[in-house]
Amino acid sequence: MIRSHLFFYCIFLSISLLNGCSSTSNRMSSSNPSNIHDLVLLREVDPAIAFDVRYATTNNFTGRVLYDCGEVYLSRRAAERLKRVSERLRPLGLRLKVYDGYRPLSVQKKLWAIVPDENYVANPAKGSRHNRGCSVDLTLIDERGEELEMPTPYDDFSERAHIDSLDVSREAMANHFILMKAMTAEGYIPLRTEWWHFDAPGWEQHPILDVDPCELSGVE
Ligand SMILES: [Zn+2]
């Protein structure tokens, strides 16, 4: 029974990855190049989303505060997709909790200075997908705001965080399945090595940005 559950879980992951890639190629052609800098404040697009912006605190794997303010921005299309994910989860009594979204290139350089290892941090010479405003790190919470059990904590860089890891509890696997299903249904593409990370299709067409989110928010 468990073995067949795992089998279907693996098949779902494989199909999700393939669908994500095909969504990218289908939708890239409809991207509007004049709109690619269009970062929007995620909490204004969808007030139902909760936030725990770890990089604006010392509660992250570097132990340092990397953001001056805890506002999360995404490209408009990525944000609108996430709002639709949120609506899919509502009947299940679940909400999204976002850890990170758009990240300025200057912060990527700070991360790289602390951890210059491409196994853990994207090299700023190439840029991170987060620098393009098209990636989001997130989990699920219940109606009381409690995080659902997932394969690992956020920013755990062990192999247990890989989306095809079977070294996780049945409950974590089921919760991860719900998150994957809702995200991929709206075109988001999972990252194989981090269960919490998803890219919006067409991310590679967006430029690497270095706009300070605090300036966008008018925070002094
Ligand atoms: Zn990420």
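The values are calculated or read from the model by the stated rules, or taken from the named source; none is laboratory data. Predicted model, so just to flag it, every value in this text is computed and none were measured. Cβ atoms come from the backbone with ideal geometry, glycine included; neighbour counts cover every protein chain shown.
Scanning the range 41-54 for residues that are under 14 Å from the mean Cα position of the chain (by Cα) and of a type outside the set (A, V, I, L, M, F, W, C) yields 52, 54. For the range 167-182, state whether one or more residues are among the hydroxyl-bearing types (Ser, Thr, Tyr), surrounded by fewer than 16 Cβ atoms within 10 Å (Cβ to Cβ) and either outside any helix (DSSP H, G or I) or modelled with pLDDT of 95 or more (or both). There is at least one residue in the range 167-182 that is among the hydroxyl-bearing types (Ser, Thr, Tyr), surrounded by fewer than 16 Cβ atoms within 10 Å (Cβ to Cβ) and either outside any helix (DSSP H, G or I) or modelled with pLDDT of 95 or more (or both).
Among residues of the range 59-72 that are modelled with pLDDT of 90 or more, those with a Cβ under 6 angstrom from a residue that is among the basic types (Lys, Arg), sequence gap 6+ or separate chain, pair up as 60/54; 66/110. Within the option set 137, 142, 199, 156, being of a type in the set (D, E, K, R), surrounded by fewer than 20 Cβ atoms within 10 Å (Cβ to Cβ) and either at pLDDT below 95 or within 16 Å of the ligand (Cβ to nearest atom) (or both) holds for one residue only, 156. The conditions of being touching a residue at least 40 places away in the same chain (Cβ under 8 Å) and either away from the ligand (no atom under 12 Å from the Cβ) or under 21 Å from residue 217 (Cα atoms) (or both) are met by residue 53. Residues that are without any contact (Cβ under 8 Å) to a residue 12 or more places away in the chain and of a type outside the set (Lys, Arg) within the range 122-162 comprise 123, 125, 146, 153, 156, 158, 159, listed in sequence order. Return the residues of the range 26-54 that are assigned to a loop (DSSP other than H, G, I, E, B), surrounded by 14 or more Cβ atoms within 10 Å (Cβ to Cβ) and at pLDDT 95 or above; say none if nothing qualifies. Correct list: 46, 49, 52, 53.
Considering the range 95-120, and only residues there that are hydrophobic (A, V, I, L, M, F, W, C) and crowded, with 19+ Cβ neighbours inside 10 Å, the residue that is nearest to residue 140 (Cα to Cα) turns out to be 96. Inspect the range 55-69 for any residue being crowded, with 17+ Cβ neighbours inside 10 Å and not in a loop (DSSP other than H, G, I, E, B) and give the result as yes or no. Yes: one or more hits. Quick check on residue 183: is it more than 12 Å from the ligand (Cβ to nearest atom) and over 28 Å from residue 39 (Cβ atoms)? No; evaluated as a whole, the condition is false for this residue.
Can residue 132 be described as of a type in the set (D, E, K, R), within 14 Å of the chain's Cα centre (by Cα) and more than 11 Å from the ligand (Cβ to nearest atom)? When the stated conditions are applied, residue 132 passes them.
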